[in-house]
Amino acid sequence: MSINITYFVHGTTTDNEKEISSGWFDAELSELGVRQAKKLREQTKDRKFGAVFCSDLKRAIDSAKLAFDGEAPIMPDARLRECNYGAYNAKPSVIVELMQEQCITKRFPEGESYEDVKNRIANFLEFLSDKTTTAKISR
């Protein structure tokens with residue numbers, strides 16, 4: 001059995017608009033982000049999804065609900081969070097972006113590395129590939 005994965009990002013947040021890198025800080029969707037999520041609902045109205053997985057952060061859950069509520073089960077999962085910038089969560093993007101290349105294998109102070117993120121996502125993909133999980137989602 002194959003699984004088709006379609007990837008969407010959450011809508012624009014108030015942090016995005018202020019050029020802040022949220023990381024694990026729970027930023028709210030901005031008015032633009034709400035409009036983007038509602039537009040995604042319209043753009044995908046002719047598609048069927050067995051499930052919608054999203055980060056457990058509010059911006060991702062709110063985006064998923066605005067776009068897919070009532071169309072497919074929405075399943076938040078912490079493994080789908082973006083990188084934990086640790087001490088740099090909710091800091092200016094100009095600072096965080098300068099650190100990204102060096103934090104591929106080295107962790108952000110009090111946070112994680114992009115290698116850690118890759119491992120979280122790999123764990124999630126293993127979960128999806130489990131035949132038991134797939135059967136539960138398809139119902």
Note to self: Can you tell me which residue is farthest from Glu112 (Cα to Cα) among those in region 27-40 that are touching a helix residue (DSSP H, G or I) at 6+ places or on another chain (Cβ under 6 Å) and surrounded by fewer than 16 Cβ atoms within 10 Å (Cβ to Cβ)?
What the structure shows: Lys38
Note to self: I need the full set of residues from region 46-87 which are touching a His at 6+ places or on another chain (Cβ under 7 Å) and hydrophobic (A, V, I, L, M, F, W, C), in order please.
What the structure shows: Ala60
Next item on the list: From (1) of a type in the set (Gly, Ala, Ser); (2) over 22 Å from Thr14 (Cα atoms); (3) in contact with a Pro (Cβ under 9 Å, 6 or more places away or on another chain), pick out the condition that doesn't hold for Gly70.
Entry: (3)
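A quick yes/no check of all residues on (1) β-branched (Val, Ile, Thr); (2) at pLDDT 95 or above; (3) surrounded by fewer than 16 Cβ atoms within 10 Å (Cβ to Cβ); (4) in a loop (DSSP other than H, G, I, E, B):
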position	(1), (2), (3), (4)
Glu82	no, yes, no, yes
Val96	yes, yes, no, no
Glu101	no, yes, yes, no
Thr105	yes, yes, yes, yes
Phe108	no, yes, no, yes
Arg120	no, yes, no, no
Next item on the list: Quick one: count up the residues across region 42-80 that are under 14 Å from Tyr7 (Cα atoms), surrounded by 14 or more Cβ atoms within 10 Å (Cβ to Cβ) and of a type in the set (D, E, K, R).
Entry: 0
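For residues that are within 20 Å of Lys58 (Cβ to Cβ) and not in a loop (DSSP other than H, G, I, E, B), tally how many sit in region 84-94.
4
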Check: Do you know which of the residues in region 26-64 that are of a type in the set (A, V, I, L, M, F, W, C) and under 11 Å from Thr13 (Cα atoms) is farthest from the chain's Cα centre (by Cα)?
Finding: Leu32
Note to self: Quick check on Gly111: is it at positive phi and not polar (S, T, N, Q)?
What the structure shows: no
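The values are calculated or read from the model by the stated rules, or taken from the named source; none is laboratory data. The shown structure was predicted, so the numbers you read here are calculated from the model rather than taken from an experiment. Counting neighbours? That spans all protein chains shown, and the Cβs are built from the backbone with ideal geometry, glycine included.
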